[in-house]
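Here the structure is laid out as structure tokens; the discussion comes afterwards.
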Protein chains: 2
Amino acid sequence: MDLVASLLEGNRLSLARLITQVENRTSEGLAALSELFPSTGRAHLIGVTGAPGTGKSSLVNQLTLAYRQPMKETSGRRKDPLRVAIVAVDPTSPFTGGAILGDRVRMRDLAGDPGVFIRSMATRGSLGGLASATAAVVQILDAAGFDVILIETVGAGQAEVDIARLAHTTLVIEAPGLGDEIQAIKAGLLEVADILVVNKADHPGVEATERALRGMLQLAHPVPHIFHHHGKLERVGTPPVGQIDQCDWIPPILRTVATEGIGIPDLMDSIDRHSQYLRESGEWQRREAARLENELNNLLLEALMSRFRTSMQEAHYGSVLSEVLARQLSPWQAVEVLINGGNR
Amino acid sequence: MDLVASLLEGNRLSLARLITQVENRTSEGLAALSELFPSTGRAHLIGVTGAPGTGKSSLVNQLTLAYRQPMKETSGRRKDPLRVAIVAVDPTSPFTGGAILGDRVRMRDLAGDPGVFIRSMATRGSLGGLASATAAVVQILDAAGFDVILIETVGAGQAEVDIARLAHTTLVIEAPGLGDEIQAIKAGLLEVADILVVNKADHPGVEATERALRGMLQLAHPVPHIFHHHGKLERVGTPPVGQIDQCDWIPPILRTVATEGIGIPDLMDSIDRHSQYLRESGEWQRREAARLENELNNLLLEALMSRFRTSMQEAHYGSVLSEVLARQLSPWQAVEVLINGGNR
């Protein structure tokens, strides 16, 4: 039986093998990816990002454990535990040290549960490469039938924002007392946040952190994908169920203590509400479209560069480069020469 | 008089205007950049990066103030104060909030000194775009005769690593007690570090941070650009002056308390030693070449995508995209169709 059929029947080893093939961009892996693509689009993709030291990994673990519980009678929304995949992306590390460390902690809590699949990804040369690879791995997990895919990123740069754009719902995690510069990072991440979580809420300074976040939320309009109907902030808080289609989504601010499981049920509830909002407002479709178009453009860019490098004569490139190194030709002029055969 | 001539005569307003033109990629700006390019290559480019909350901005301020002091009799190395430019790059923020905040703090200490020039840059859509723009701005400042250009980045992702690659000497700043996940970030940044600084060294936990850094330094071989001759760690510490050409550069670990100016003279001394090492070992030339080739490749990529978008018929792209959105065609197949006119 081939890998694709075996994966669709739930074989974990086939899943792991196919992911490795896709990461390495083997022709078999890419063919399988295209074959699986029509089966994608069912999973809820949840991005989890935030500054270092906020306890993202613990939060992802707790969320996973909670999704693996059988339905509680009172909630009335879920019947079976959801199948959960975790993709831990570390754009900062060419080594895999960080990712492996996080995995060891995870293994202790989640090992042996066949409804949980964990995969770490580290930097693979170019940023575009990492975002593309992550998108591809998420598609395989989606096709393999995982209901929830948690995409966790370490750090807080453009890489995280790019990877967060893969998700339907993005959680931005903060923690009290991480220093002054954290403000700058909040501003950048706020744009992609659907739900704000103040983790380590038992630490001193939690009120100040929450107040700062609330202030920035109110200042940071327009935030187009959140307030797209009216372009301004109308209210703060989670809209009540049933009125969701009539109003925009305002990111709620929640407190958690992930290491003790505190606040996790409320967080899951917010994630459910956001999913409902996305589907009822048509935003789910819009985000899917934006995500796929973005992925297409990234792949186009990679393919164009690769084709250009193949077609260009090494000697010509080398002679132009050596003129740049001698500062006889600026890099901008060199591009003209290489692409358009311009004069020097 | 045109902007280029006026800039070369030291006019600050022309400098600021030209930078804006280059950031906006006006044809006048790009022509000026090519005209100035032969005058570049004199400045010492110093990258300053590290996790949020480590006090990078304060450290950059203190370094700048120190470089602006007249030579001390005992040092015997400098006669006049050096001219210093600061480029503050914030890849995390589509808003400029963070950068502007940092600038206000700077202005208080450095305002009115004609030997100091400060420029903030925030995200401009794509990461490649920001790295290219930063490279261009640094070239202008180099041509304008600044002796030292401090390139400060907020955050710790791939963006910072890319921008750090612009520099001859990269300082990676740490601080005690920033949490567990900081380990993962250190691993990624360690690869680009020439000098490690533990700032806020008056805070508790400084020994543990320094010990962790030293441990990682010893573990993290091979670090090719640092240990390129032998491929393994031979000793830890700054090599003595005079023996520099016979051994590799081992990143020293220094303690500072930037807010009080503590440790700044030692840091400047290490920067001087690194500059001397780069020149004596031939590494300066190698880094210049790597940097320029990288810039050329980034510009090529941007130009290829732009040319492709111009040449492609919108309708064709749109129809292929809509097949992707309907999940009839995978993004990988779509790239084949768009670039090679492949079958569907």
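The values are calculated or read from the model by the stated rules, or taken from the named source; none is laboratory data. For clarity, every value in this text was computed on a predicted model and none was experimentally measured. Backbone-built Cβ (ideal geometry, glycine too); neighbour counts: all protein chains shown.
Applying the criterion of being more than 14 Å from chain B (Cβ to nearest Cβ) and not hydroxyl-bearing (Ser, Thr, Tyr) to the residues of segment A:1-10, the residue that is surrounded by the fewest Cβ atoms within 10 Å (Cβ to Cβ) is A:Met1.
Quick one: in segment A:40-54, of everything that is among the β-branched types (Val, Ile, Thr) and buried (at least 22 other Cβ atoms within 10 Å of the Cβ), which residue is nearest to A:Phe117 (Cα to Cα)? Working first, answer last.
Going residue by residue through segment A:40-54, those that are among the β-branched types (Val, Ile, Thr) are A:40, A:46, A:48-49, A:54.
Next cut, buried (at least 22 other Cβ atoms within 10 Å of the Cβ) only: A:46, A:48-49, A:54.
Numbers: A:Ile46: 15, A:Val48: 16, A:Thr49: 19, A:Thr54: 23 Å.
Applying the filter and picking the extreme gives A:Ile46.
Return yes when B:Glu295 is among the charged types (D, E, K, R), closer than 30 Å to B:Leu196 by Cα, more than 8 Å from every other protein chain (Cβ to nearest Cβ) and in contact with a helix residue (DSSP H, G or I) (Cβ under 9 Å, 6 or more places away or on another chain) and no when it is not. In short, no.
Pairs meeting the criteria (first residue in segment A:323-338 and within 7 Å of another protein chain (Cβ to nearest Cβ), second residue assigned to a helix (DSSP H, G or I) and acidic (Asp, Glu), beta carbons under 6 Å, at least 6 apart or on different chains) are A:Pro331/B:Glu295.
Check whether at least one residue in segment A:11-26 is buried (at least 21 other Cβ atoms within 10 Å of the Cβ), in contact with a helix residue (DSSP H, G or I) (Cβ under 7 Å, 6 or more places away or on another chain) and farther than 14 Å from A:Ile86 by Cα, and report yes or no. Yes, because at least one residue in segment A:11-26 is buried (at least 21 other Cβ atoms within 10 Å of the Cβ), in contact with a helix residue (DSSP H, G or I) (Cβ under 7 Å, 6 or more places away or on another chain) and farther than 14 Å from A:Ile86 by Cα. Is it fair to say B:Ala334 is closer than 16 Å to A:Glu302 by Cβ and modelled with pLDDT of 85 or more? Considered against the rule, which asks whether it is closer than 16 Å to A:Glu302 by Cβ and modelled with pLDDT of 85 or more, B:Ala334 comes out as yes.
Cβ-Cβ distances below 7 Å connect no pair with a first residue in segment B:30-48 that is within 7 Å of chain A (Cβ to nearest Cβ), a second residue that is crowded, with 22+ Cβ neighbours inside 10 Å and assigned to a strand (DSSP E or B), and a separation of six or more residues or different chains. The residue pairs whose first member lies in segment B:51-62 and is facing chain A (nearest Cβ under 8 Å), whose second member is among the acidic types (Asp, Glu) and in a loop (DSSP other than H, G, I, E, B), and whose beta carbons are closer than 6 Å, counting only pairs six or more residues apart or on different chains, are B:Pro52/A:Glu181; B:Gly53/A:Glu181.
The listed residues are A:Asp90, A:Asp113, and the only one of them that is more than 10 Å from chain B (Cβ to nearest Cβ), touching a helix residue (DSSP H, G or I) at 6+ places or on another chain (Cβ under 9 Å) and modelled with pLDDT of 55 or more turns out to be A:Asp113. Only residues that are part of a helix (DSSP H, G or I) and of a type in the set (Lys, Arg) were counted in segment B:303-344, giving 2.
Anything in segment B:194-215 that is out of contact with any Leu (no Cβ under 7 Å at 6 or more places or on another chain), closer than 14 Å to B:Ala258 by Cβ and not β-branched (Val, Ile, Thr)? List them, or say none. Selection gives B:Lys200, B:Ala201, B:Asp202, B:His203.
Inside segment B:1-87, counting only helices (runs of 4 or more DSSP H) that do not spill past its ends, which hold 2 or more residues that are at negative phi, modelled with pLDDT of 85 or more and of a type outside the set (A, V, I, L, M)?
Working: elements: B:3-8, B:12-23, B:27-36, B:56-67.
Because the criterion is at least 2 residues that are at negative phi, modelled with pLDDT of 85 or more and of a type outside the set (A, V, I, L, M), the helices (runs of 4 or more DSSP H) in segment B:1-87 that meet it are B:12-23, B:27-36, B:56-67.
Can you confirm whether segment B:248-269 contains a residue that is at pLDDT 95 or above and assigned to a loop (DSSP other than H, G, I, E, B)? The answer is yes, given that some residue of segment B:248-269 is at pLDDT 95 or above and assigned to a loop (DSSP other than H, G, I, E, B).
Only one entry in A:Gln139, A:Gln183, A:Gln158 is in contact with a Ser or Thr (Cβ under 9 Å, 6 or more places away or on another chain) and at pLDDT below 65, namely A:Gln158.
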